[in-house]
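One structure below.
The values are calculated or read from the model by the stated rules, or taken from the named source; none is laboratory data. Since the model is a prediction, treat every value here as computed from it, not as a measurement. Here the Cβ is made from the backbone with ideal geometry for all residues, glycine too, and neighbour counts use every protein chain on show. With ligands, DNA and RNA removed, areas are computed over all heavy atoms of the protein, side chains included. Shrake-Rupley method; radii C 1.70, N 1.55, O 1.52, S 1.80 Å.
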Amino acid sequence: METAKMKDNDRRPWGNTRYFLHKLIILLVLGMGLMQGCITVGPDYVPPEQIMPDAWHQELTKDLAEGETHLKTWWKSLNDPILNNLIERAAAGNLDLQEAAARVTEAEARRGISTGERFPDINGTGFTERSRTSEDFFPPTGSRNDNTYGLGLDASWEIDFWGRIRRLVESADAGLQASVEAYRDVQVLLFAEIALNYVEVRTLQTRINFAENNVETQQGSLEITQARLDAEIVGELDMRQAELNLASTEAFIPTLRSAMLKAINRLGVLLGEFPSALYDELIAPRPIPQPTDSIMLNMPADLLRQRPDIRQAERELAAQNARVGVATSELYPRFFLLGDFGFEGSSDIFDYTKRGWSIGPSFRWNIFDGGRVRNFIRVEDARTQQALVRYEQTVLDALEEVENSMISYTEEIKRREFLEDSVEAAQKSVDLVNTLYITGLTDFQNVLDMERSLFAQEDDFASSQGSVTQNLIRIYRTLGGGWNTGP
């Protein structure tokens, strides 16, 4: 009995030590879990403060007024059902928009990868092995062949003590938001391009119509000169000049028609369809879309929240700022909780006595790396500075684009009004000079000059009508109009 007690006492110190180690491991695990989120290295993101003008420099006209702009569906202000339908179809079928949506899905997945680092990494393991032991090490008694089996789990869990994983998730969140803004920017550019090409089609149709009317007028002049030549009132020169003027105008029409068909082709591709898909819908001439109401402009400060490219640049800056924290965390030790559990044996491996397990914390600390980590931090700092400069440049570019589009719009309106007056004067001049020519009070050169002037003025007037609407579309585009909440 005494001997048995002595053996129990001999085992007790080791038993106490093992019990203490188990408790220590449990406390370490709990402590490391609680310490997650206590420290986050690297700079916290502060959105840049951007000073904006109090008002637009371009003087507002009767067509431009300060107020709340309905930017989300700005194209409806042009009152053209066909244009509305084209934009709706482009929103569903445009391939650039689908590619941008796929990039958003990619960014969501990348965020999921970063978020997954918060959780343990658990792997199943297993093996089967047949081996033979050399007779040089053991006497040749019995079988030297053995079968060994194993099945289990191993796991590792990084304790995010310094906030490395939190910075990764922060960067991925901002990257996802930037990809959404990139999608919205594609929407803005796409809808504006559709409207610009549609107006171009209608403008070219109007110019073709003016050209064809001038062809009819010049054919009438040719008939008059032919009749006067037959009557020997004028020489052959007048008829040849009339033929030259008519042929020159007729030669201009194929150029206009070619440009119109190319614009229709472009619209088809923008909708994600074949280039020729819209011929039947658009080939019939229609008036150039014109807004019926005054255009309401937001204040310059509203650009920061409305322009997707500005919002994207700001989110990219936030994502890059978080990467500085990821790089900084490499200066400090990384803590892990490791463990494994399994069965191993030569037979019946699920026997509970053949189990094995281990669990415990570990760390890894780069003591010396020749300055690589600190230089990597400098790289990320420099990239953050670059992202800040890109953001500021994006804001300035946006302000410039809005101001320029407003200048183009207001000045083109003035030009259109002058051209409208010139068309009216040219038409009256043609009527008058034809009367004078028939009565023999002027020569045919004046008729040629007036007809050429009428054609040029009408063509410029039609082009100006289209330019006014296109410059208005550019205003909406530069204000960031046309995007919705996201893909």
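Here are the numbers for the structure shown:
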quantity	calculated
More than 22 Å apart - percent of Cα-Cα pairs taken over region 345-487	73
All-pairs Cα distance distribution in region 102-217, expressed in whole percent, bin size 5 Å	2, 8, 8, 7, 7, 7, 7, 6, 6, 6, 6, 6, 5, 4, 3, 3, 2, 2, 2, 1, 1, 1, 1, 0, 0
FRET efficiency for ALA55 and ILE253, using Cβ-Cβ distance with R0 set to 45 Å, rounded to 0.05	0.45
q = 0.15, 0.19, 0.21 Å⁻¹: log10 I(q)/I(0) that the Debye formula gives for region 294-393, counting C-alpha atoms only	-0.80, -0.96, -1.05
Contact order relative to length of the chain, as percent, for alpha carbon pairs under 8 angstrom and 6 or more apart	26
Cα pair distances of region 194-304 binned at 10 Å [whole percent]	13, 27, 21, 19, 12, 6, 2, 0
List PHE119, PHE461, PHE376, ordered by accessible area with a 1.4 Å probe, largest first	PHE119, PHE376, PHE461
Cα-centre dipole for region 378-445 with unit charges at Cβ (Lys and Arg positive, Asp and Glu negative), debye to 20	140
Cβ-based net charge around LEU204, under 10 Å, with every Lys or Arg adding one and every Asp or Glu removing one	+3
Part-to-part distance (alpha-carbon centres) for region 443-468 and region 301-370, which is given in Å	72
Accessible surface of the chain [probe 1.4 Å, protein heavy atoms]: carbon and sulfur percent	56
Accessible area in square angstrom per residue, region 83-138, 1.4 angstrom probe	69
Sum of side-chain charges, SER114 neighbourhood, beta-carbon under 15 Å (Lys, Arg +1; Asp, Glu -1)	-1
Alpha-carbon Rg with Dmax, taken over the chain, Å	39.9, 155
Per residue accessible area in Å² of region 268-416, where ligands, DNA and RNA are left out and the probe is 1.4 Å	56
